[in-house]
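First comes the structure, then the notes that go with it.
No value in this document is a laboratory result; all are computed from the given coordinates. Keep in mind the model is a prediction, meaning the values are calculated, not measured. Every residue, glycine among them, receives a Cβ derived from its backbone with ideal geometry; neighbour counts consider all protein chains shown.
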Amino acid sequence: MVLVMARILTTVEDVVCTVGGHDTVAGLIGISYSGVCNWIVAGRMPPRTYVALTAVLAARGATAPPALWQMVPAPADLTPFLREGAA
C-alpha cells in the first residue's frame, strides 16, 4: 500500500485553479465568474461551498484548510468534550 499525501492549498486562488478555474467553479457552485473573482479578492469562500469544492479537491489529490471557508477548525484535543460512557 502506498500512502499519498494530499497537496495542501493555502489560498482561495489555489483552490479555484486546482478545481479547474473561474468558469468551472462558477458552474459548479451556480454563481457568476465575477463572484468567484470576489472570493479571491476577499481571501475566503462561502461556507456553503465547502462540501462541493473539497470533494473536487480530494479527487485531484489536494486539500485546503477550513479557514478558507470561514470555518473554525476542530480542536486538536477532543478529550474535554467526551462524556463518560459515550460510545
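The table below gives the values:
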| read-out | value |
| --- | --- |
| Residue 24 vs. criteria surrounded by fewer than 16 Cβ atoms within 10 Å (Cβ to Cβ) and in a loop (DSSP other than H, G, I, E, B) | no |
| Condition broken by residue 40, with the remaining ones in (1) among the hydrophobic types (A, V, I, L, M, F, W, C); (2) surrounded by fewer than 11 Cβ atoms within 10 Å (Cβ to Cβ); (3) closer than 22 Å to residue 72 by Cα satisfied | (2) |
| Per-region count, the stretch 57-87, residues among the hydroxyl-bearing types (Ser, Thr, Tyr) and either loosely packed, with under 10 Cβ neighbours inside 10 Å or over 9 Å from the mean Cα position of the chain (by Cα) (or both) | 1 |
| Given (1) closer than 18 Å to residue 71 by Cβ; (2) of a type outside the set (A, V, I, L, M, F, W, C); (3) not in a loop (DSSP other than H, G, I, E, B), index of the condition residue 13 fails | (1) |
| Single residue of the stretch 56-73 satisfying the filter (touching a residue at least 40 places away in the same chain (Cβ under 8 Å) and of a type in the set (A, V, I, L, M)) that is farthest from residue 11 (Cα to Cα) | 58 |
